[in-house]
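Novice: Take this structure first; my questions come after.
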Amino acid sequence: MKVAIIKYNGGNISSVMHALDRLGAEYVLTDDRTLLENADKVIFPGVGEAAATMSHLREKGLDEVIRRLTRPVLGICLGQQLMCSSSEEGDTDCLGIFDVPVKRFQPSALLEKVPHMGWNEITECRGSLFSGIGDNPYVYFVHSYYVPVCPWTAAVTGYIQPFSSALHKDNFYATQFHPEKSGPVGAAILSNFLKL
């Protein structure tokens, strides 16, 4: 199985690589269009800023490559947000795979801190990505922007308001949380993705 991790100007790629190493998966880190198009699975990880990242993807032609992929694709954190239609971060037009805008958290109380950072539970999990992980597991988040609950929501988390902690549409899967930093639950989710 050929797994490709999209190489771009985002952070946290090394954590994803280490997680795949622990699972014994073979992978390549690449921005080569042909390698991405021919991979069996593609992972689109990320920590970064939406506008700068979309600009980089467009310069490299990776935006069109990602949209055209027909094999399973997993977006993580910023990767999930960039799969949406737009983001309030930098008033950015994104990839439009999921027709839903990304919003900035608006805390209404002093105890509601932004970014949302740390362990939180995911509920209403559906789809093969969450096979065998149990009810309402805890996973690790670091984000200031969120995807509202929408028709493609595959898991929900409550922080300030309910939001999409995972999305799924056709061959595109995405998580707002970091499975690579979420212990055994995250490892199971990554393993499920590799088995799709």
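The values are calculated or read from the model by the stated rules, or taken from the named source; none is laboratory data. Only a predicted model underlies this, so the values are computations on that prediction, with no experimental measurement involved. For neighbour counting, all protein chains shown are included, and Cβ atoms are generated from backbone atoms with ideal geometry for every residue, glycine included. Only protein heavy atoms, including side chains, enter the accessible area calculation; ligands, DNA and RNA are left aside. Shrake-Rupley method; radii C 1.70, N 1.55, O 1.52, S 1.80 Å.
Novice: Here is a check on your reading of the model: is I43 closer than 12 Å to V147 by Cβ and under 14 Å from the mean Cα position of the chain (by Cα)?
Specialist: no
Novice: Next question. I'd like the full set of residues that are farther than 23 Å from Y173 by Cβ and in contact with a Phe, Trp or Tyr (Cβ under 6 Å, 6 or more places away or on another chain), limited to the stretch 106-140.
Specialist: Across the stretch 106-140, the qualifying residue is only V114.
Novice: Across the stretch 157-178, what is the number of residues that are crowded, with 17+ Cβ neighbours inside 10 Å and part of a strand (DSSP E or B)?
Specialist: The number of residues fulfilling the criteria is 12.
Novice: So, D99, is that one under 28 Å from V65 (Cα atoms), without any contact (Cβ under 8 Å) to a residue 12 or more places away in the chain and acidic (D, E) or not?
Specialist: no
Novice: Further question on the same structure: Exactly one condition in (1) small (G, A, S); (2) in a loop (DSSP other than H, G, I, E, B); (3) touching a residue at least 60 places away in the same chain (Cβ under 8 Å); (4) open to solvent by less than 50 Å² (accessible area, probe 1.4 Å) is false for G79; which is it?
Specialist: (2)
Novice: From the list L36, L74, exactly one residue is touching a residue at least 12 places away in the same chain (Cβ under 8 Å), part of a helix (DSSP H, G or I), aliphatic (A, V, I, L, M) and buried (at least 22 other Cβ atoms within 10 Å of the Cβ). Which is it?
Specialist: Just one listed residue meets the conditions, L36.
Novice: D170 versus (1) touching a residue at least 12 places away in the same chain (Cβ under 8 Å); (2) under 23 Å from D99 (Cβ atoms): which is the lone unmet condition?
Specialist: (1)
Novice: Kindly indicate the residue of the stretch 98-153 that is touching a helix residue (DSSP H, G or I) at 6+ places or on another chain (Cβ under 7 Å) and among the polar types (S, T, N, Q) and also surrounded by the fewest Cβ atoms within 10 Å (Cβ to Cβ) among those meeting that condition.
Specialist: Ranking the candidates gives S131 first.
Novice: Answer yes or no: is there a residue in the stretch 54-68 that is polar (S, T, N, Q), crowded, with 18+ Cβ neighbours inside 10 Å and out of contact with any Phe, Trp or Tyr (no Cβ under 9 Å at 6 or more places or on another chain).
Specialist: No, that holds for no residue.
Novice: Out of the stretch 82-96, which residues are small (G, A, S) and open to solvent by 10 Å² or more (accessible area, probe 1.4 Å)?
Specialist: Across the stretch 82-96, the qualifying residues are S85, S86, G90, G96.
Novice: So if I check each of G10, G24, which one is assigned to a loop (DSSP other than H, G, I, E, B) and under 17 Å from the mean Cα position of the chain (by Cα)?
Specialist: G10
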